Amino acid sequence: MALADHHRRPLRSLRLSLTDRCNLRCAYCMPEEKYHWLPRADILQFEELSRLVDAFTALGVDRLRLTGGEPLLRQDLPELVAALAAKPAIRDLALTTNGLRLAPVASALRRAGLDRITLSLDTLDPARFQRLTRRDDLARALEGLAAAQEAGFTGTKLNMVVIRGFNDDELLPMLVLGRRYGAQVRFIEYMDVGGASGWSMAQVVPKQEILERLTEAFGAPPEPQAGRGSAPATEYRLADGSACGIIASTTEPFCGDCDRSRVTADGMWFLCLYAVAGHDLRGLIRRGADDAELRRHLSQVWSSRADRGAQERAALHLEQRTAQPGQAASFHHEMHVRGG
Ligand code: SAM
Ligand code: SF4
Ligand code: SF4
């Protein structure tokens, strides 16, 4: 029988964080002035990552997403991608990136066997980009998006965290950009996780409101497409025939179908974006666990998984629902460590 957790959710999708470092400082993810980085010796080597992936695929994982921090800061990424793409069990190998370093390596990543790219971009206004990310680098992110298309990637996604009063007037320009580069825009509700220390519900633009704004702009309501499955985004067809996605992590959490888990760059396995504690896989590997032991451990841990973090947070009263603790509490709680 296929491996399932406490709520009968299978183990299918794995997000591998390749580094906790980043070349941006998005206010909702890395707001602090200084960060304590994971010690280099603790970061999983390519061989360790490959071994872990083999253990996960043996238990049902067939979708892999490389993330971070900024995964393109990791040296020799095409080499790792080639090794992972060569594993027959992996049906979908994707990368989430801010795009800054994408242009020079997009073709190499495509040749190495990367299937899809998700590029995170929240604004098309250079001054806003600088304010949000504390870096004046919008042009490079846009070059990265263009390079993904030139390299022949299809199925590219353009992720935009929608924040009231900051970029919620940019829904349409983002759709235009996506159309131009063959990328599907996904509007993401701002989440109270990790570094989102200034989060408040007032800044969240709920999915319903995004739909109302699109209805007004296009003169007809976006039509939901069937069959989201376990994917976080609900897909909509817009009146002009194009498509977009909405990820309502805050107002309509989708924990019931969640088959995702995350491994941090230092090998901590988190069963939920909001999980307080992780499971130390690096320790297990470096203590010399053989493949069978590794699989047995993963299997035991997943079988007892009962996490429904976003649903539990949604059930909190608003006054209790402020930001999650920041880095002071634990760097493993941070989005740039855990991977989005
Ligand atoms: N650096 C890469 C990037 O930005 O695409 C990969 C890592 S980043 C942590 C992954 C995703 O998490 C990004 O799309 C980012 O916008 C999203 N993210 C980070 N903090 C968030 C928050 N508080 N609410 C919603 N999405 C968030
Ligand atoms: Fe870096 Fe991505 Fe976090 Fe922005 S969202 S600070 S690009 S890890
Ligand atoms: Fe999955 Fe946790 Fe996100 Fe819910 S909050 S969808 S259980 S990762």
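I need the full set of residues from the range 169-200 which are in contact with a His (Cβ under 8 Å, 6 or more places away or on another chain) and away from ligand 3 (no atom under 16 Å from the Cβ), in order please. Of everything in the range 169-200, just one residue is in contact with a His (Cβ under 8 Å, 6 or more places away or on another chain) and away from ligand 3 (no atom under 16 Å from the Cβ), namely Gly195.
In the list Arg180, Arg91, which residue meets the criterion of being open to solvent by 40 Å² or more (accessible area, probe 1.4 Å), among the charged types (D, E, K, R) and closer than 30 Å to Gly219 by Cβ? First the steps, then the outcome.
Values: Arg91 fails: closer than 30 Å to Gly219 by Cβ.
Testing whether each residue is open to solvent by 40 Å² or more (accessible area, probe 1.4 Å), among the charged types (D, E, K, R) and closer than 30 Å to Gly219 by Cβ leaves just Arg180.
Tell me, which strands (runs of 3 or more DSSP E) wholly within the range 219-323 include 1 or more residues that are farther than 21 Å from Arg15 by Cα, in contact (Cβ under 8 Å) with a residue 40 or more places away in the chain and touching a helix residue (DSSP H, G or I) at 6+ places or on another chain (Cβ under 7 Å)?
Details: elements: 234-237, 243-247, 260-263, 268-270.
Of the strands (runs of 3 or more DSSP E) lying wholly inside the range 219-323, those with at least 1 residues that are farther than 21 Å from Arg15 by Cα, in contact (Cβ under 8 Å) with a residue 40 or more places away in the chain and touching a helix residue (DSSP H, G or I) at 6+ places or on another chain (Cβ under 7 Å) span 243-247.
Yes/no matrix, rows are residues, columns are (1) more than 11 Å from ligand 1 (Cβ to nearest atom); (2) more than 27 Å from Arg40 (Cβ to Cβ); (3) assigned to a helix (DSSP H, G or I):
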site: Leu66; (1), (2), (3): no, no, no
site: Leu84; (1), (2), (3): yes, no, yes
site: Leu102; (1), (2), (3): no, no, no
site: Thr123; (1), (2), (3): yes, yes, no
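Regarding the range 71-90, can at least one residue be identified that is in contact with a Ser or Thr (Cβ under 7 Å, 6 or more places away or on another chain), of a type outside the set (Asp, Glu), within 16 Å of ligand 3 (Cβ to nearest atom) and at pLDDT 95 or above? Checked the range 71-90: no residue is in contact with a Ser or Thr (Cβ under 7 Å, 6 or more places away or on another chain), of a type outside the set (Asp, Glu), within 16 Å of ligand 3 (Cβ to nearest atom) and at pLDDT 95 or above. Of all the residues in the range 117-154, those that are touching a residue at least 40 places away in the same chain (Cβ under 8 Å), open to solvent by 10 Å² or more (accessible area, probe 1.4 Å) and in contact with an Asp or Glu (Cβ under 7 Å, 6 or more places away or on another chain) number 2. The single condition from (1) away from ligand 1 (no atom under 11 Å from the Cβ); (2) open to solvent by 30 Å² or more (accessible area, probe 1.4 Å); (3) of a type outside the set (Gly, Ala, Ser); (4) modelled with pLDDT under 95 that Phe46 fails is (4).
Scan the range 234-254 for residues that are surrounded by 17 or more Cβ atoms within 10 Å (Cβ to Cβ) and within 18 Å of the chain's Cα centre (by Cα) and the total you get is 11.
Counting just the residues of the range 186-224 that are open to solvent by 40 Å² or more (accessible area, probe 1.4 Å) and in contact with a Lys or Arg (Cβ under 6 Å, 6 or more places away or on another chain), which one comes out nearest to Arg338 (Cα to Cα)? Top of the filtered list is Gln203. Applying the criterion of being open to solvent by 50 Å² or more (accessible area, probe 1.4 Å) and over 15 Å from Ser50 (Cα atoms) to the residues of the range 260-287, the residue that is farthest from ligand 2 (Cβ to nearest atom) is Arg287.
The values are calculated or read from the model by the stated rules, or taken from the named source; none is laboratory data. As the structure is a prediction and not an experimental result, all values here were calculated from the model. Neighbour counts are summed over all protein chains in view; Cβ atoms, including those assigned to glycine, are modelled from backbone coordinates with ideal geometry. SASA here: full protein model, heavy atoms, side chains in, ligands and nucleic acids out. Shrake-Rupley method; radii C 1.70, N 1.55, O 1.52, S 1.80 Å.
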